[in-house]
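Worksheet: the structure to be examined is printed underneath.
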Amino acid sequence: MAQGILRLSNLKVEQVTARPNLVPNCSFEQVSSGGTLIGWQWDKRNTDSTCTVDETQARSGKRSLKFINNTPFGAHVYGTLWLAEPIRLQAGKPYTLSAYIKSDDPGIAWIGGGANWQFRLRIPPTQGKWQRISMTFVPSERDTNFVLRIVTESPTKGFWVDDVKLEEGNEATFCQPYDERVVLEPTQIERNVEGDGEFTLTFDLFLPEPLPKALFRVQIGRTNFLQKSLPLQQGTWRVLVKGEAVGVDDSPKMLTLQLFDGSKRIASAETIVRFFSPQNASSRLNSLRRKLSALKSRLDSLKGKGMDISYPLVTFTVLENFVNYAEEDLKHSETRRAFMQISDMEAMAKRLERELSEALAGRRNFPEVPRWTGTERPKVVGPSFVAPVTFPSRPSSLAPRPVFFVGYGHFGQVRADIEKFPRYGINIIQIEFGPNSVFPSEGVVSEEPIRETLSVLDRAAKAGVAVNLLISPHYFPRWMLEKYPHLRKRREGFLQFCLHAPESQDLLKRYIAKVIPPLKDHPALHSICLTNEPVNAEEPCEFALRDWHDWLRNRHGNIQTLNKRWGTNFARFEDIPLPNPLNPTLPPSPQSIEFVRFNQEWFANWHKMLADVIKAIAPDLPVHAKAMTWTMVNDPDVRYGVDAELFASFSDINGNDSVNFYSHGIGEFAQGWLLNAMAYDLQRSVKDAPVFNSENHIIPDRETRYVPPEHIRAALWQGAVYGQSATTIWVWERTFDPKSDFAGSIMHRPACAEAAGLTCLDLNRLAEEVTALQKAPAQVAILHSVSSLVWDGGRYTDCRNKLYTALTFTGVKVGFVTERQLERGIEPDVPVLFVPNIVHLSDAAFETLKHYKGHIVLVGNGNLLSRNEYGIARNTGQWAQSKAEQIGFECGRTSWRDLWQALSEKLKALGVKPLVEVRDEKGARIWGVAWRCVETPRGVVINLCNYRHDPVKVRLWSNGEKITGIDLLGGEKLPRSFTLSPLQIRLLLVR
């Protein structure tokens, strides 16, 4: 490939004015005789973090600040430094905040301020170099007394801060060094140059005194040099290095700028430059395009020999389509995005060429993959969707088996690409329409959405692609709101109409009754999703108030009983106000817990109303709701009315919408796996049914950074191991609008799209083993309590999350037992039950707990389970002494690793252990590797995933002996010690 043209053409300097800095002691040089930083205050709060003046590191002067934090991330857990005197700002005027940062891994940390600390400049990793970061914001009236602060929220071995600057204006101007020395630095440590032609790179220069014989020398690469002499006065200068780049490749190139005083070098600066040349990109795309015909010919040859080409076809299909997408990006000046795709596609094409050559030479066999036929709707059987499948080698033989569905949502492009999806390795989509399209105006009924959906279903059945239909009640007809003004209620979320009013309920029932009959028997219709990200936070209305009073009457029987439980003196139920869930900080109280339970039950019954209409028409058509997992488990979100167990009561499938993002080197783990794993285990514990994450957020909206395919694979595979038997990924759309929710989606990322397809094939090929892992009974359970979410809040959830994390790395399978299950008299069916820092538990639940015959482990300090749902104290002393064991836990201080260490001996003493243990090379326990095991007729199946940022070497142990196994994914026998790369999956069989 031609190297292109890269040359340096000129160097210019311009004197600039730096705006005044509003931050006193911005370089942290002013320290009292006792070593205290002048003008700033520090509080480690509920962490062990430290903030020290460091004289070994400085961007300027002699000192900087060093922050260290070993306390795990948790709600409201942080250490903070703040400016003792607020800085007075003018409302409506732009300001720019900047700082110099140095760190390899700062954890979660930021600098900023404002009301509710709304202006936050995230501190990034800087590869151990000083790097300037900046943010521009416009304060409102409530931000004018600006308290500048630096906050550390999660573990970090150290990050340094120096030369903080807050100034008027829309950009950061030069921050003058404290020590009046020569400073030469790039305005950006890394610079991307998009387009062919001229470019300019900029540096800042500060001279404390004139330099009449200044000499600049610039170099980029090995052969491009430029030098220029000119006299310079004292002050601040902007140095502009100009050049030309045409057809240059995108490999990082170092540009060095040196400043000499005659022959003496007095300053030097470097910046990394990447050139994104459309000419270079077009050349590489043409090369890729030329390879496609040869690749297709090889695929056809293998297919003609009777080989299943499903796996290589996924790669080829991605290449075939994404070559065009990258070309579109170039035409729309999305050059960097095009290069990111080209790099992936070149690696994919090279690998595919090698694999096809090996297959044609007889040195490789691609595994055979079962495919859903599209002729019969899958049946829900335990955690599985069971349906007839065919194998390419026996296409006429239909065999029912578990089918894993992996696909995309949710708009026009999934409809357009139905016929392509099997070649992508994809077998499900989610689409939607709502009542506003069926009832466009009063008295008018449109069947067009139904006809369009039937057409999609026909195409999908022929292609072997299932369709999940979201009936989207949030697309509510505007004419209804105009006809019934009382339906206009202030609400959070998508459902922007009064749910309690009979008029809205009647319309939704009519809507369902209209659309379900013509669709209900279609084999491609996988299931119905009732709602999109449902929450019930609505300003009080007369209908809700009536329902509230009826609920209280049914719960308490009479007002005297309620007053005794609540500690109140209401004269009648009608006098009790309905709490407003739009208040995000409902204080814990008997009224709050009652409202939360009422809201959860009412919202589940509202969904049941929708489900019942469907079931009256189509009893066998599965239904679920796209509830956000965080509303099931987070204490601040308990006000939204979503309860996993109650939602399961009207559902055939455990539906959800969840999030697992790549960490980009930040934090302890390579991806945010915890929410999915914990929520899926909770849902599977309350209903033996598949999990369907129908809006799987695995890439953030508008993400511009590279996301590795290993993240996609781990998120999808681990989701399946934890119960996810169907998922549709957000979102299969492309855009050229950087502000769109579609920007950065998986449809801009060929390696990620390939990973999704290949993972779907692997899940279906190994469906029996993955299903066995799903069906394995829990060995321990964690108590889930709504009362504790309301009363104990972050103390409970901090402990629960860390306990779940610790148990994940012991190899035992974790389940949940809920407060509501205990209230119904259902005793836990696990040998060990963990109670994570729960003080408040209902009397009915506690009564069942007293009869539990297994081991109870209280995790926390003090008297746990000592209060009921109304905050009334109970005496648990004798019961706790005779029935329960206790592990210490202090909210915000105890880490999951502390619990992990404590659990090692505790589980062993309780007789709980995995079938196979995973350890490091020396036989020691290892953190960050999640594994689950199950006994099958073929042997023990072990699933492993490395959640760490670094590779780890592991060994398998059973009954004190080192063992080995066969990797079912790759087919090879593993050595006794093998390496797991970050986010690598292994599915092993040990006989």
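Structural remarks
- Any hit, the stretch 284-305, residues being outside the structural domain of Gly407 (by the TED database), part of a helix (DSSP H, G or I), crowded, with 17+ Cβ neighbours inside 10 Å and polar (S, T, N, Q): no
- Residues satisfying the stated conditions in the stretch 680-702, i.e. assigned to a loop (DSSP other than H, G, I, E, B) and either open to solvent by less than 20 Å² (accessible area, probe 1.4 Å) or assigned by the TED database to the domain that holds Phe339 (or both): Ala689, Pro690, Ile698, Ile699
- Verdict on Gly158 being over 17 Å from Cys26 (Cα atoms), part of a strand (DSSP E or B), in the same structural domain as Ala84 (by the TED database) and open to solvent by less than 20 Å² (accessible area, probe 1.4 Å): yes
- Answer from Thr810, Thr759, Thr771, Thr848 - the residue that is more than 24 Å from Trp630 (Cα to Cα), polar (S, T, N, Q) and in the same structural domain as Tyr408 (by the TED database): Thr759
- Test: residue in the stretch 512-519 that is part of a loop (DSSP other than H, G, I, E, B) and assigned by the TED database to the domain that holds Val633: no
- With respect to (1) open to solvent by 30 Å² or more (accessible area, probe 1.4 Å); (2) in the same structural domain as Ile653 (by the TED database); (3) in contact (Cβ under 8 Å) with a residue 60 or more places away in the chain; (4) among the charged types (D, E, K, R), the lone exception for Arg565 is condition (2).
- Residues of the stretch 654-672 classified as assigned to a loop (DSSP other than H, G, I, E, B), modelled with pLDDT of 95 or more and open to solvent by 40 Å² or more (accessible area, probe 1.4 Å), total: 1
- Checklist (1) in contact (Cβ under 8 Å) with a residue 40 or more places away in the chain; (2) in a strand (DSSP E or B); (3) in contact with a helix residue (DSSP H, G or I) (Cβ under 7 Å, 6 or more places away or on another chain) applied to Asn468, failing item: (3)
- Residue in the stretch 719-737 that is without any contact (Cβ under 8 Å) to a residue 24 or more places away in the chain and either surrounded by fewer than 24 Cβ atoms within 10 Å (Cβ to Cβ) or at negative phi (or both) present: yes
- Cβ pairs under 9 Å, 6+ apart, first in the stretch 907-928 and open to solvent by 60 Å² or more (accessible area, probe 1.4 Å), second part of a loop (DSSP other than H, G, I, E, B) and of a type outside the set (S, T, N, Q): Gly911/Pro831; Lys913/Gly811; Lys913/Val812; Leu915/Gly811; Glu917/Gly811; Arg925/Phe809
- 2 or more residues among the β-branched types (Val, Ile, Thr) and not assigned by the TED database to the domain that holds Val246: qualifying strands (runs of 3 or more DSSP E) within the stretch 1-75: 50-54
- Matching residues, the stretch 929-957, being hydroxyl-bearing (Ser, Thr, Tyr) and either out of contact with any helix residue (DSSP H, G or I) (no Cβ under 9 Å at 6 or more places or on another chain) or buried (at least 22 other Cβ atoms within 10 Å of the Cβ) (or both): Tyr947
- The criterion of being open to solvent by 20 Å² or more (accessible area, probe 1.4 Å) and among the β-branched types (Val, Ile, Thr) holds for Thr256.
Residue-wise test of (1) without any contact (Cβ under 8 Å) to a residue 12 or more places away in the chain; (2) open to solvent by 20 Å² or more (accessible area, probe 1.4 Å); (3) not charged (D, E, K, R).
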site: Glu355; (1), (2), (3): no, yes, no
site: Arg364; (1), (2), (3): yes, yes, no
site: Pro370; (1), (2), (3): no, no, yes
site: Ser396; (1), (2), (3): yes, yes, yes
site: Phe404; (1), (2), (3): no, no, yes
site: Gly409; (1), (2), (3): no, no, yes
site: Val414; (1), (2), (3): no, no, yes
site: Glu419; (1), (2), (3): no, yes, no
site: Tyr424; (1), (2), (3): no, no, yes
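- The one condition in (1) over 24 Å from Val381 (Cα atoms); (2) open to solvent by 10 Å² or more (accessible area, probe 1.4 Å); (3) of a type in the set (A, V, I, L, M, F, W, C); (4) in contact (Cβ under 8 Å) with a residue 60 or more places away in the chain that Leu675 fails to fulfil: (4)
- Ala387 meets the conditions (1) modelled with pLDDT of 95 or more; (2) outside any helix (DSSP H, G or I); (3) open to solvent by 60 Å² or more (accessible area, probe 1.4 Å) in every case but one. The failed one is (3).
- Contact map, the stretch 865-892: residues that are closer than 15 Å to Leu849 by Cβ paired with residues that are surrounded by fewer than 19 Cβ atoms within 10 Å (Cβ to Cβ) and among the acidic types (Asp, Glu), Cβ distance under 8 Å, separation 6+ or inter-chain. Pairs shown: Asn868/Asp843; Glu869/Asp843; Arg874/Asp843.
- Every condition in (1) farther than 30 Å from Pro378 by Cα; (2) open to solvent by 10 Å² or more (accessible area, probe 1.4 Å) is met by Arg510 except one, and the failing one is (1).
- Residue in the stretch 821-835 that is in a loop (DSSP other than H, G, I, E, B), touching a Lys or Arg at 6+ places or on another chain (Cβ under 6 Å) and either touching a residue at least 24 places away in the same chain (Cβ under 8 Å) or open to solvent by less than 10 Å² (accessible area, probe 1.4 Å) (or both) present: no
The values are calculated or read from the model by the stated rules, or taken from the named source; none is laboratory data. Everything quoted here is computed from the prediction, not taken from an experiment. Every residue, glycine among them, receives a Cβ derived from its backbone with ideal geometry; neighbour counts consider all protein chains shown. For the accessible areas, the whole protein counts, side chains as well, though only heavy atoms, and no ligand, DNA or RNA atoms are used. Shrake-Rupley method; radii C 1.70, N 1.55, O 1.52, S 1.80 Å.
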